[in-house]
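Just so it is clear, none of the values below were taken in a lab; they were calculated from the coordinates. What you see is a predicted model; the values in this text were computed from it and never measured. Every residue, glycine among them, receives a Cβ derived from its backbone with ideal geometry; neighbour counts consider all protein chains shown.
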Amino acid sequence: MAKNPTLKETMRELAALEDPRMREVNEQRGDDHGVNLTHLRELAKRLKTQHELALQLWATGNTVARLLATLVCKPKALSPAELDAMARDIGAPKLLDWFIVNVVKPSRHTEELRVRWKDGDSLVGRAGWSLTTERVVKNAEGLDLDALLDQIEQEMKQAPVHKQWAMNHCLAEIGIHHREHRARAIEIGESLAVLIDYPASPGCTPPYAPVWIAEMVRRREAPVQVRTGARSRSRLGQGERGPGQRSTTKPRTRKPA
């Protein structure tokens, strides 16, 4: 591929990455593409940032082209109106998640869009709650957590599936990171029972909020056990585990696409 390929050349290369078997699997999860995402990232790495090409890729409406566009665009060059229009034109959950992570979060308009999208339906609502969860974890100052819990309690049970997942994630993170709201978060999760029967693979924490909260709190608050002898406390502090010490790695959860 040329250093500055045309849209036609790029679409030809994307078509060559298509795998019918992968498409079949992805379509079962609501994603309409058959491209290995690792290969797509490799292509983006070769292209580097090419904002005009990204806009052309997005305009095709093709999911794979749009996934690539999220990797090669200039997020800060997009206005709130442009980002809003792009979000509302997304129909695949994987594309929405990539759009939020690669385009919206690096932009200058995250908070404005979070507020605008949070009360939207389905994928737009998912986008708003995903950004809200980010604030709950990293910058909760100024957020009304009681109001968020009220809204989750009133709306999550009937929310569209994609939005419901993001609301449930927010509920869990409030319980994990904000001790003063933990009991109520668990109570809401138990009352609504959202995802209570969702299957979790071995080694993964179930996405049912009360279990998710309890497991993460246990891991975060587990005391560090110090080894005696050759391994000192300072070495444990650099990442080694004492006997019986639990990993503090965030548990993996399977989520619907």
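I'd like the FRET efficiency for Asp121 and Ile196, computed as 1/(1 + (r/R0)^6) with the beta carbon distance as r and R0 of 25 Å, rounded to 0.05. Present the calculation step by step, with values, prior to reporting the outcome.
Details: r = 24 Å, r/R0 = 0.95.
Between Asp121 and Ile196 the formula returns 0.60.
Between Ala222 and Val101, what length in nm is gained on full extension when 0.36 nm per residue of separation is reduced by their alpha carbon distance?
Extra length available between Ala222 and Val101 comes to 40.5 nm.
Please give the Cα centre distance for the stretch 150-187 versus the stretch 52-120, rounded to the nearest Å.
When both Cα centres are located, 25 Å separates them.
Give me the distance in nm between label points sitting 7 Å out from Cα along the Cα-to-Cβ direction at Asp144 and Arg108, one decimal.
Between Asp144 and Arg108, the simple spin-label model gives 2.9 nm.
Please arrange Asp84, Asp119 by how many other C-beta atoms lie within 10 Å of their C-beta, fewest to most.
Details: Asp84 19, Asp119 13.
Ordered from fewest to most neighbouring Cβ atoms within 10 Å, Asp84, Asp119 come out as Asp119, Asp84.
Just to be sure I follow the rule: in the chain, considering lysines 8 or more places apart or on different chains, how many pairs have Cα atoms under 18 Å apart?
Going through the chain pair by pair, I get 20.
Estimate the FRET efficiency between Gln158 and Glu13 by the formula 1/(1 + (r/R0)^6), using the beta-carbon distance for r and 41 Å for R0, to the nearest 0.05. Please report the intermediate quantities before stating the final value.
Numbers: r = 43 Å, r/R0 = 1.05.
That gives a FRET efficiency of 0.40.
Would you compute, from DSSP H runs of 4+ residues alone, the mean residue ellipticity of the chain at 222 nm, taking -39500 (n - 2.57) per run and dividing by the full residue count, rounded to the nearest 500?
Details: 14 runs with 145 residues, N = 257.
The per-residue figure over the chain is -17000 deg cm²/dmol.
Match the structure shown to one of the listed values (1) 34; (2) 48; (3) 43 of percent of Cα pairs over 27 Å apart, computed from it, and give that label.
Identified label for the calculated read-out: (2).
Once you place label points 7 Å from the Cα toward the Cβ at Thr6 and Asp89, how far apart are they in nm?
In this crude label model, Thr6 to Asp89 measures out at 2.2 nm.
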